[in-house]
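Shown next, in C-alpha cells, is the structure this report addresses.
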Amino acid sequence: MEVIASFVPLVVILPFAGALLNLFLGRYLSEKLIGALATTAAALAFAVAAVMTVGITAHGYEAVVVNPPILDSWIYIPSAAIDIPWQMRVDTLSLTMMLVVTGVGTLIHLYAIGYMHGDPRFARFFVYLNLFLGFMLILVTGNNFLMMFVGWEGVGLCSFLLIGFWFDKKHGEGWKNSNAARKAFIVNRVGDFGLLLAIFLIFWTYGTLDYYKPNEVLHIGGEKAAADVLVREGGDGIAHGQKGVFAQTEAWLAEGGHIVSFGVFELPFETVVTLITLFMLIGVTGKSAQIPLFVWLPDAMAGPTPVSALIHAATMVTAGVYLITRNSVLYHAAPLSAALVTVVGAATALMAGFIALGQWDIKKVLAYSTVSQLGFMVAAVGIGGYAAGMFHLITHAFFKALLFLGSGSVIHAMEHGHHHAHAHHESEHGEESHGHADHAHEEAFDPQDMRNMGGLARRMPITFVTYLIGTLALAGIFPLAGFWSKDEILGKAFNAAFIDGKLEGFAMLGLLLAAAGFTAFYMWRQIKLVFLGVPRTEAAAAATESSPSMTIPLLVLAALSIFGGALNIPLGVNSVLVIGVLFITAGFWLLWALPSVRLFFIGRAEPVTSLPSLKPAFRLIALGSAAAFMLSGAAIILVPSLGASYPLETLVLWLEHSVPYTKGLTLNPFLAILALGIGIGGILLAQRVYSPAPLAEGNQDVLEIRPDTRPAFQLANAKLYWDETYGRLIEQPYNRAAAWLAHKLDWEFWHDRFHHTVFRDFYKRAADFIATPVDRGAIDQGFLRIGRAVAQAAARLRTVQTGYVRTYVFTMLFGVVLVMLILLLPLLRQ
Amino acid sequence: MEKNDMLINVVLFSPLVGIVLLLIMGQRREERIKWVALVSSLVTLAFSLVLLGAFDPSKAEMQLENLGEWFSLGNYTVSYYVGVDGLSILLVLLTAFIMPLAILFSLYHVKERVRLYYSFLLLLEFAMIGVFVAQDLFLFYVFWEVSLVPMYFLVGIWGSEQRIYAAVKFFLYTMAGSILMLLAILWMGNYFGTFNVMAIKAAVEAAAGTPQGAFPSAVTELLLFLGFFIAFAIKVPIWPLHSWLPDAHVQAPTAGSVILAGVLLKLGTYGLVRFNLGLFPQMSVTLAPIIGVLAIIGIIYGAWVSYAQTDVKKLVAYSSISHLGFVVLGIFALNAAGISGATLQMVNHGISTGGLFLMVGMLYERRHTKAIDAFGGVWKVMPVFSGLALVITLSSMGLPGLNGFVGEFTILLGTAGSPVLGVLFAFFGTIGVILAAVYLLYMWNKVFMGEYRAPVAEHGAFALAPAAGGGHEGEGEDVHAAGEAHGHDNHGAEGGNPYTPLTWNELTALIAVVIAAFVIGLYPRPFFGYMDASVGATAAELARYIPADATAQSIQAE
C-alpha cells in the first residue's frame, strides 16, 4: 500500500501541470487540444485515485501518510517548535473526496469544452479549472490543518477567478460579475478568519497541526482504546507534538481534566475544543454557504455554468462537510458546537429551500437548492452522521452537477435560440460569429430567466430526460440516489431525536422534512417552467439540443444519479453487482428509449432515435477520456470483487476506516416512506399549482397572483432581504466609516489640521515669538550690553590679537579641549 | 576566513564604487549611466548572494564581522563594526534584490538628471545596507542619517506635484525621531563606555539576574527605549506616526516608492528587533501589550483607511501601515514564532508591496493617472501584466502558497501563543486578514476587472461608459483596438489604446517579484533556516524577562 499510496502527489501535480501547460502554451494550441489536455489531466488524476482505492482496499483500508518528494517541510522553525510539512494522507475519507472531485471534475471538464466553445479566453478557463482541481485535491489530501487551509483558500481564489471570468461583459454585466467574484472572496475570507483562529488554537493546544502522525493507529467506531502512537525519532528540536491532533484529543479526554495554557490564560481542554470547533464552524459557514455567510453563493452563479456545477455545487462548497467529517473526533468531544452545527445546517436547509421557491433565474433556483442541500449535509455531520453527510455529498455531487450542467445546456440553447431568432429577424446581424462574447450586444434578453423558456423538452430531449432524472434524484424519489442519502440523514436525525433524546435532533428532523417538501416543489416548478408546456419566447422555440461533448457528461451523470444510491445499500457483493447492472440497464433504457419517454410527457413525438453523431476528430478525444474514466470507475467496483477476500463494502463501512465515530447504517422504513411521500407530495402539489399554465398573466407566478400565497412568494422572491440587511448593517456602515476615517480623521484632521495647526503653526508662532520679543527684545538688549562689555574687554585684549596664525590655532585647540572637557565631565564625576 | 572578513565590506561598498564610476562618467552619457547603475546594483546582488553562501545559519551570533576602530573621542570610542546575523542577512539580501528592480523600472522612465538620480539610488543602497550591517550604535546612526538624504532628494527632485512638501515632511518627521535616538545613543555610549552593540547587549544580559538591572533606573530604561522606539516607530510607521507616509509614497517617483516600501520602512522594524528587543528586553516585555495594541490599531486602521482611497498609489501606501502592523505585532509577540514571522514578513512586504508599487508605476506610465475610477478592465487589454499583478496582489493579501501568507500566518500564530499578547491579539490581527482582502480586491476589481474603460470615456459624462460610449473622435479606433485585443493577446499600441505591452525591463522586474513570491511561499524553510539560530537566541533571552506567571504580568503591564 505504501508504494501505491506514494502516487498521491501525482493526484495534485497532474492538474497543476495541466494548468501550467495551458497557461504557457494555451495561446498556441487549438481549443480541442486545450480541452483535451485539461480533461486528460483531470482524468489521469481520477485514474490515480482509482488505483489507490483499489490498493487501499486490497490492504485492509490501512491509511498511509505520504511525504511528497522535494518539498520536505513547508513552515519549519525549530526555535519555535513549528514543523508544518507538505504531507499527504491517503485514507478512505480522502480517497472518497478525491474520487468525487476528480470524477465529477473530469466530466465537467469534458462538458466545458463544448460549453466554452468560441470564448476568447478558452485556454484561461481551463487553466483555472485545473488549478481549482489541484487546490481542491490539496484540501482533501493534506495531512495537516494548514495544508487543508492552503487548499481551502486556493479553491476560494479559483472560485473568485471563475465567477469573475466574464468580467468584461458589456452593459454592466461585467461589473456585476466582478462584484460577485469579489463578494465571494470576501465572504469566504470571513470564514477563513474563523478557520485560521481555529488553527492557531489547535497549534497552541496540541503543538502540532497534523491530523495523525505517520503510523498512528486510528480509533474506529469511537472505542477509546489507548492510542498506539509511534513517537518520531530524531532530535529535530521539537519537544512536544508527538501525537497527532486527534489521537491527543482522545488521550486527553480519556485522561480527563487536562488544562491548556495559552501563555496569558488557561482554559480547560473541553472548553478549548468547543472554541476550536466553533471557530471552525465559521469557516464551514463561509465555504459551505451556511447561515450567516451563504450570501455569496447565489451571486456566484455569475460564473460560467460548468463552474457553478463543479465548484459551487459538487465539490468546493462541500469542503465544509469534509472538514467537519475530518474533525469528527473534535466535534464528538464538543457537543455544544455539534448541536450548533446541526441547527445551522437544518435552518439553512429550510431557509434556502424557501427562497428557491420564488426565484426566476434557472441557476438561482439551483443555487439556493445547493445551499439547502448543503444544509442537509452540514446538519447530518452535526448530528454525528458523518457517513450520512458524506453519502449525501457524493450523491448530491452527481445530481446537482447534472442539474447545473443541464441548466447550462438550456442556457446555451436559449442563447443560441435567441441569436437564431434574432438573426432571423435582422439578417444584418447574422454575419457576426457565434460565441459568448457577442451575445452581450443583444440587450434585454435574459437566457437564464425561466419566464422566457417553456416547452424545451421537445427541443432538447437528452437534456430534458437527464434533467428529469436529476430532479427526481434531488427530490428523493425511490430508487434514485437522493432517496437513499436523504433518508440516511433523516434516519440519523430520527435516532438522535427519539433514541438519544437530543433537542436539536427534533429540530433537525422537522426542519429537514419541511425542506424536503420545498425541494420537491421548487424543482417540479422548474421542470414545469422550463421544459413543459409551450415555448414562451422565440428563443425557446428556436432552441436546439447541445453538442455531444455537453450531452455525454449529462448522460454519465444521469447514470450516476440513478445508481449512486447503491454505494450505501447494505447488501453483499453479488447483490450489489446485480443491482448495479439492473440500475444501469434501467438507466440506459430510460436514456435510449427517448421517444417513448417523450411521448409520455409531451404527447407528440418527433423522430429522435439515436444520439447525434460525433465528429471524428472530437470522437477520439471524447472516447479516449471517457474510456479512461469508465475503466477506472469500473476498476473500483470490479477489481476488489474479483477475489473473494476483497469484500465490497458500503460507504459507511468504508468510511469507518478513517472517520472515527461513524455510526452504522440507519435505514428507517417508516421515515423512508414518509420522506418519499413528502417528495411525491411536493411534486404533485407543484404539478397541480402550475397547471395548466405555470405563469399567470403578466408573467407572474401563479403563487404571486393568489392573495393567500402572495406575501410568502414575494418574500422568497426578495431572498428574505438578506443582502439588503447585510448591506445596511455591515457594508454601508463599513464604507461610511472608511470614508470618515480616511478623509476626515486621517487626512483632514491628522494629516492637514493637526500637522499644520499644531506642528507648523506652533513652530511658526514660536519662531515669531523668539524672533520679535525675545530676540529683538531681551536677547538683543542683553547682547548689546554683552557686546559693549565685550568691546571693552576686547580693547583690553587687543594685545592678544597678534595676527599670528599659530595663536589662532592654539585658541582653536583650546576651544576643542574645552568642549571635550565638557563632554568628558560625566567621566570625571565617576 | 580572511576572504570572508572582507566580504561584508565588499557588499557594503560596492554601491559606492558604482557611484564613483557614475561620477567619473560624463554627465551627458545617459544611456551608459543607467546601464552602469544597473550593473552596479546587480554586482551588489551577486556579492550579497556570496555573502549568503558564506553565512553559517547554525550560528546565532554575529558573523562575517569586521571590526576596527574608527575614531575615539574621550571615553567615546566609535568603531567601524559591521557584521551580519540571522536577523539582518535576509534584509541585506532584500535590499540588494529590490534595488535592481527599482533601477530596471527607471531605465526608460526617468529622463531628467539621470546621473544624479542613479547616484542617489546607489547611495541609498549603500546607506541601507550599512544600517543593516552596522553593529556599532554610532555607525548605525551615521548610516541611518545618510539613508535619509538621498530619499529626500529622490522625492524632492523626481517626485510628483507636491514633492517638496512631501520631502520636507518626510525629512522633518524622520529627523525628529532621529534626534531622540541620537540622545539615547550618546547616553548609552557614555554609560556603557562603548557603542559596540554586542558589547552593550552582553552587559545587559549579564545584568539580567541582578536586582538593579543593567540600567540605573526603570525610568532611564523607559526613556532610552522610547528614544529608539519613537525613531523606529516613525520609520515603520507605527500608528499614529504614519502621516508622512502617504505623502512621501504618493509623491515619490515609482522607484522611490518601491525602495521606500521595500526596504526603507524595514529599517524601522529591523531596529525594533535589533535594538529595542536586544538592548531593552525588560522594557520590551513590559511595553509589549501597549505596542501590540498600537500594532493592532495600525493593522485595522491602515486597512480601513486604505479601502476608502481613490488613488491607487495612496491605497497601496496605506496598506503598508496595515502590513507593517503585522510585523510589529510579530516582533512584540516576543516569542520565536512571532519574531521569525516578523523577520520573514519584512522581506515579504518588501517583495509584495515593492511589486505593487511597480505595478502602480506601470499603470501610471501608461495612463498618467492614479485615480482608481479612471481604470477598469485592464485585465482584458494587458493580460500578461494583469496576471503578474494578480499574483502580487494575492501575495500582498496573504494567499497561501505565496510569500505573504507564510509571514502573516507565522506572526499571528506567534501572537496567539505569545506569553505577553495572546489569543485576543491574534483575533484582532486576523481581522486584518479579512480587511486586506476587502481593500485589495476593491483595487483589483476597479482597476483590472469590469468592463474595459477606454481613456476616451474620461471626457464623457460618465466614466462607466464602455469603449463605444461618448462621441469623441478617437472612438472608432478605440473600439477597433478593443476588438483586436479581444480575441488575442496582441493588445498593441494601435489607435488610442494607451495600454502598451510591458517592455522587457518591466516584465523582468515583475517576473522577479513573482518568482520570489512563489519561492518564499512554497518553500520558506531555507529562509527561516537562516534566521532560526539568531531568532531563537533573541527569544530565549527575552524569555528570561517574562515571569512564569504570565497572566499577572499582562495585567501588570496594562
- With respect to residue A:150, determine if the residue is over 20 Å from residue A:206 (Cβ atoms), within 12 Å of chain B (Cβ to nearest Cβ) and in contact with a Leu (Cβ under 9 Å, 6 or more places away or on another chain). no
- Looking across region A:722-772 at residues that are closer than 18 Å to residue A:183 by Cα and among the polar types (S, T, N, Q), the single one that is nearest to the other protein chains (Cβ to nearest Cβ) is A:735
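Being in a loop (DSSP other than H, G, I, E, B) and either more than 7 Å from chain B (Cβ to nearest Cβ) or closer than 24 Å to residue A:134 by Cβ (or both) narrows it down to one of A:185, A:167, so name that one. Even if it seems obvious, please write down each step before you answer.
Details: A:185 fails: in a loop (DSSP other than H, G, I, E, B).
Result of the check over A:185, A:167: A:167.
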- Filter region B:317-371 down to residues that are farther than 17 Å from residue B:160 by Cα and touching a His at 6+ places or on another chain (Cβ under 6 Å) and give me whichever is surrounded by the fewest Cβ atoms within 10 Å (Cβ to Cβ). B:321
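On the given criteria, is residue A:79 under 30 Å from residue B:538 (Cα atoms), in contact with a strand residue (DSSP E or B) (Cβ under 9 Å, 6 or more places away or on another chain), touching a residue at least 12 places away in the same chain (Cβ under 8 Å) and within 12 Å of chain B (Cβ to nearest Cβ)? Walk me through it before giving the result.
On the way: under 30 Å from residue B:538 (Cα atoms): yes; in contact with a strand residue (DSSP E or B) (Cβ under 9 Å, 6 or more places away or on another chain): no; touching a residue at least 12 places away in the same chain (Cβ under 8 Å): yes; within 12 Å of chain B (Cβ to nearest Cβ): yes.
Against the criterion (under 30 Å from residue B:538 (Cα atoms), in contact with a strand residue (DSSP E or B) (Cβ under 9 Å, 6 or more places away or on another chain), touching a residue at least 12 places away in the same chain (Cβ under 8 Å) and within 12 Å of chain B (Cβ to nearest Cβ)), residue A:79 does not qualify.
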- Among the residues of region A:153-164, how many are surrounded by 24 or more Cβ atoms within 10 Å (Cβ to Cβ) and at the interface with chain B (Cβ under 7 Å from one of its Cβ atoms)? 2
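Restricting to region A:487-542, name every residue that is of a type in the set (D, E, K, R) and more than 23 Å from residue A:668 (Cβ to Cβ). Please lay out each step first, then the result.
Kept after step one, since they are of a type in the set (D, E, K, R), are these residues of region A:487-542: A:487-488, A:492, A:500, A:502, A:504, A:525, A:528, A:536, A:538.
Passing the criteria: A:525, A:528, A:536, A:538.
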- Task: Of all residues in region A:1-21, count the ones that are more than 21 Å from residue A:124 (Cβ to Cβ), aliphatic (A, V, I, L, M), surrounded by fewer than 24 Cβ atoms within 10 Å (Cβ to Cβ) and within 25 Å of the chain's Cα centre (by Cα).
- Result: 1
- Message: Against the conditions (1) within 13 Å of chain A (Cβ to nearest Cβ); (2) surrounded by 24 or more Cβ atoms within 10 Å (Cβ to Cβ); (3) under 27 Å from residue B:95 (Cα atoms), where does residue B:314 fall short? Just the number, please.
- Response: (2)
- Query: Of all the helices (runs of 4 or more DSSP H) wholly in region A:695-793, which have at least 2 residues that are closer than 30 Å to residue A:451 by Cβ?
  - Reply: A:702-705, A:710-717, A:722-726
- Task: Quickly run through region A:246-295 and pick out the residues that are among the polar types (S, T, N, Q) and closer than 25 Å to residue A:377 by Cβ.
- Result: A:249, A:274, A:277, A:285, A:288, A:290
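If you go through region B:278-311 one residue at a time, how many are assigned to a helix (DSSP H, G or I) and either more than 14 Å from every other protein chain (Cβ to nearest Cβ) or over 20 Å from residue B:265 (Cβ atoms) (or both)?
Just the residues of region B:278-311 that are assigned to a helix (DSSP H, G or I), to begin with: B:278-279, B:281-307.
Okay, now just the ones that are also either more than 14 Å from every other protein chain (Cβ to nearest Cβ) or over 20 Å from residue B:265 (Cβ atoms) (or both), so B:278-279, B:281-291, B:293-296, B:307.
Of the residues in that region, 18 qualify.
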- Applying the selection to region B:372-390, what residues are surrounded by 23 or more Cβ atoms within 10 Å (Cβ to Cβ), within 11 Å of another protein chain (Cβ to nearest Cβ) and not basic (Lys, Arg)? B:376, B:377, B:378, B:379, B:381
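Would you confirm, using the coordinates I've provided, whether residue A:173 is surrounded by fewer than 21 Cβ atoms within 10 Å (Cβ to Cβ), more than 10 Å from every other protein chain (Cβ to nearest Cβ) and either under 30 Å from residue A:246 (Cα atoms) or out of contact with any strand residue (DSSP E or B) (no Cβ under 8 Å at 6 or more places or on another chain) (or both)?
Numbers: surrounded by fewer than 21 Cβ atoms within 10 Å (Cβ to Cβ): yes; more than 10 Å from every other protein chain (Cβ to nearest Cβ): no; either under 30 Å from residue A:246 (Cα atoms) or out of contact with any strand residue (DSSP E or B) (no Cβ under 8 Å at 6 or more places or on another chain) (or both): yes.
Taking the combined requirement at face value, the residue does not satisfy it.
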- residue B:412 meets each of (1) facing chain A (nearest Cβ under 7 Å); (2) farther than 23 Å from residue A:147 by Cβ; (3) not small (Gly, Ala, Ser) with one exception, condition (2)
- Within region A:277-319, how many residues turn out to be outside any helix (DSSP H, G or I), of a type in the set (A, V, I, L, M) and surrounded by 24 or more Cβ atoms within 10 Å (Cβ to Cβ)? 1
- Item | Pick from region B:420-429, criterion surrounded by fewer than 24 Cβ atoms within 10 Å (Cβ to Cβ) and facing chain A (nearest Cβ under 7 Å), ranking: modelled with the highest pLDDT | B:427
- Of the residues in region B:447-474 that are in a helix (DSSP H, G or I) and modelled with pLDDT under 90, the one that is nearest to residue B:355 (Cα to Cα) is B:455
- Message: I need the full set of residues from region B:519-541 which are within 7 Å of another protein chain (Cβ to nearest Cβ) and under 13 Å from residue B:88 (Cα atoms), in order please.
- Response: B:528, B:532, B:535
- Task: Would you mind stating whether residue A:358 is more than 21 Å from residue A:683 (Cβ to Cβ) and outside any helix (DSSP H, G or I)?
- Result: no
- For region A:34-56 the number of residues that are at pLDDT below 90 and surrounded by fewer than 22 Cβ atoms within 10 Å (Cβ to Cβ) is 3
- What number of residues in region B:56-78 are more than 14 Å from chain A (Cβ to nearest Cβ), assigned to a strand (DSSP E or B) and either surrounded by 14 or more Cβ atoms within 10 Å (Cβ to Cβ) or touching a residue at least 60 places away in the same chain (Cβ under 8 Å) (or both)? 6
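Tell me, which helices (runs of 4 or more DSSP H) wholly within region A:445-506 include 1 or more residues that are under 25 Å from residue A:717 (Cα atoms)?
Details: elements: A:456-459, A:461-475, A:481-494.
The qualifying helices (runs of 4 or more DSSP H) are A:456-459, A:461-475.
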- Working carefully through the options A:198, A:180, find the one that is in a helix (DSSP H, G or I), in contact (Cβ under 8 Å) with a residue 12 or more places away in the chain, more than 30 Å from residue B:413 (Cα to Cα) and among the hydrophobic types (A, V, I, L, M, F, W, C). A:180
- Message: I'm trying to understand the selection: among the residues of region A:86-137, which are under 30 Å from residue A:60 (Cβ atoms), touching a His at 6+ places or on another chain (Cβ under 8 Å) and in a loop (DSSP other than H, G, I, E, B)?
- Response: A:91
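Is it the case, given these coordinates, that residue A:21 is within 14 Å of another protein chain (Cβ to nearest Cβ), without any contact (Cβ under 8 Å) to a residue 60 or more places away in the chain and assigned to a helix (DSSP H, G or I)? I'd like the intermediate steps shown before the answer.
Numbers: within 14 Å of another protein chain (Cβ to nearest Cβ): no; without any contact (Cβ under 8 Å) to a residue 60 or more places away in the chain: yes; assigned to a helix (DSSP H, G or I): yes.
It is false that residue A:21 is within 14 Å of another protein chain (Cβ to nearest Cβ), without any contact (Cβ under 8 Å) to a residue 60 or more places away in the chain and assigned to a helix (DSSP H, G or I).
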- Message: Go through region A:417-468 and report how many residues are over 25 Å from residue A:357 (Cα atoms) and either modelled with pLDDT under 75 or small (Gly, Ala, Ser) (or both).
- Response: 24
- Just checking, how many residues over region B:202-222 are of a type in the set (A, V, I, L, M, F, W, C), outside any loop (DSSP other than H, G, I, E, B) and out of contact with any Leu (no Cβ under 7 Å at 6 or more places or on another chain)? 6
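The values are calculated or read from the model by the stated rules, or taken from the named source; none is laboratory data. Since we're looking at a predicted model, the values are computed, not measured. Ideal geometry is used to build each Cβ from the backbone, glycine not excepted, and the neighbour counts take in all protein chains shown.
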